[in-house]
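FYI, it's all coordinate maths here, none of it is from the lab. Since this is a predicted model, take the numbers as computed values, not measurements. Using ideal geometry, Cβ is built from the backbone for each residue, glycine included, and neighbour counts are taken over all protein chains shown.
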Amino acid sequence: MNGARQLAASVPIRTASSGIQIAIPILAVQVLNDVALGALLVALALLPSIVAAPVVGAVLDSVKRPRVPMLASAILTAVIYVVAGGLGILPTWLVATLLVVSGLLTPFGFGGLSSFVGQSGKDSHRAYSLDALSYNLSGVAGPAIVAVIAPLFGARTSMFVMAAIVLISVATYPLMPMPSRSSSTSVGMLKSMWMGVTAIMTRRPLVTNAWSGATVEFARGAMPIAAIGIALAATEDASLSAVIVSAFALGALLGTAIETARKSPKYPERTMLIGFALTGVATIIAAIDIGFVWTIIFIAVSGLLTAGATAAMLGLRRRDSPPEVVGQVFTLGAAMRTAASAVGTAVAGTLAGIDPLWLLGGSGVVWILGASIMLFYPHRPR
């Protein structure tokens, strides 16, 4: 029952965020014929989370009713998505500004939600496997919904649908336990923020975990832009890029469904390293020019290989976090990943003129680089 509540609360808002990341660039192509602008707008929607994360973490670690700011952030996000759907009708600067605001709210629905799972150590592996499942369900559903709606009704309608999906989380947040952590910390908000930043930037286990996760997310952020180029080259239809993105997420969904039934790995740091490295290898193979269908298949395989690594990353983050700044560590870690994804998207946008398969292959190399960071994770006696 708790697992169902966890998924009901987290999947909708993350689905909308995943869908927006592909709906925005498709909309930019459809109404303004500008891939680079679409990439920039996605970056603006993601990058601010790194600035907001310390504040969000401190708020969730200190307020008596953390559900209240969670609900408020979701409602405002839904409103912003509706207005952002007016790209091409409304001034671009207004849409860009609102997307920046949505980026400031992102940590609530990502790291903020993750910080409330795995409260009991006995079921923590299952809880974080379910959280990884939530991310991957969302990663499937968001692009898949856009892939269906954008060709039939336009990407603008997709934006409105994503806003409606956010409101589902508004209805389901009350189902998920969000206990107050204010009694466990007597320090002020500024000191709490400083403690969280210090923990994730100076404790070696958290440093390697956070930077490995952020680096692979840079590679993931480049994929939607590469996918648009691949889809245009193969089919002349930018909206079919959502099929490629959905294939990755569908593979990850299958992997996390399997992962929830497995026992906790004895060496989760090795699971992270191997899983992310194999994802990179599969992505490089997907970039070989052997046909659009084979690209989709190997992208799905690469998604499958991320499942165990993502669950291990979240479990390690909980295990290695000081108890008084759990919310801080999770929101900062998630914000680093979101910001890295934004940078990856922006960089891919600036490189939109090169062969998209080379861009995809380069992202595979970055996956392997991110995996290699886990070589520096400190050995823990067993």
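For this structure, a couple of remarks:
- Tensor-based shape of region 273-352 (alpha-carbon gyration tensor, a/c under 1.5 rounded, otherwise prolate or oblate): oblate
- Taking packing as the residue-averaged number of other Cβ atoms within 10 angstrom, the listed peptides 130-142, 28-40 run from highest to lowest as 130-142, 28-40.
- Per-residue [θ]222 nm for the chain (sum of -39500 (n - 2.57) over DSSP H runs n ≥ 4, rounded to 500): -26500 deg cm²/dmol
- Between residue 258 and residue 293, the modelled label-to-label distance comes to 2.3 nm, taking each label 7 Å out from Cα in the direction of the beta carbon.
- Between region 316-339 and region 150-176, the alpha-carbon center distance in angstrom: 27 Å
- Mean Cα-pair separation over length for region 1-88, i.e. relative contact order, pairs under 8 Å, 6 or more apart, %: 26 percent
- Relative contact order of the chain: 29 percent, from C-alpha pairs under 8 Å at least 6 residues apart in sequence.
- Contour excess over end-to-end distance, with Cα ends at residue 350 and residue 237 and 0.36 nm allotted per residue: 38.6 nm
- log10 of Debye I(q)/I(0), alpha-carbon scatterers only, for region 249-382 at 0.10, 0.19 Å⁻¹: -0.38, -1.20
- Cα gyration tensor, region 215-258 - rounded (a/c under 1.5), prolate or oblate: oblate
- Note on the chain: dipole from Cβ charges, positive end direction compared against 159, 18, 50; the farthest Cα belongs to 50.
- Derived from the Cα gyration tensor, the three semi-axes of the equivalent ellipsoid of the chain are 30, 24, 18 Å, largest first.
- For region 2-376, with +1 on Lys and Arg beta carbons and -1 on Asp and Glu, the positive-most of 198, 347, 101 along the dipole: 198
- A simple charge model with +1 on the Cβ of Lys and Arg, -1 on the Cβ of Asp and Glu and nothing else charged puts the dipole of region 2-376 at about 1380 debye relative to its Cα centre.
- Packing-based ranking, highest mean first, of 69-79, 5-15, 305-315 given that Cβ atoms within 10 Å are counted: 305-315, 5-15, 69-79
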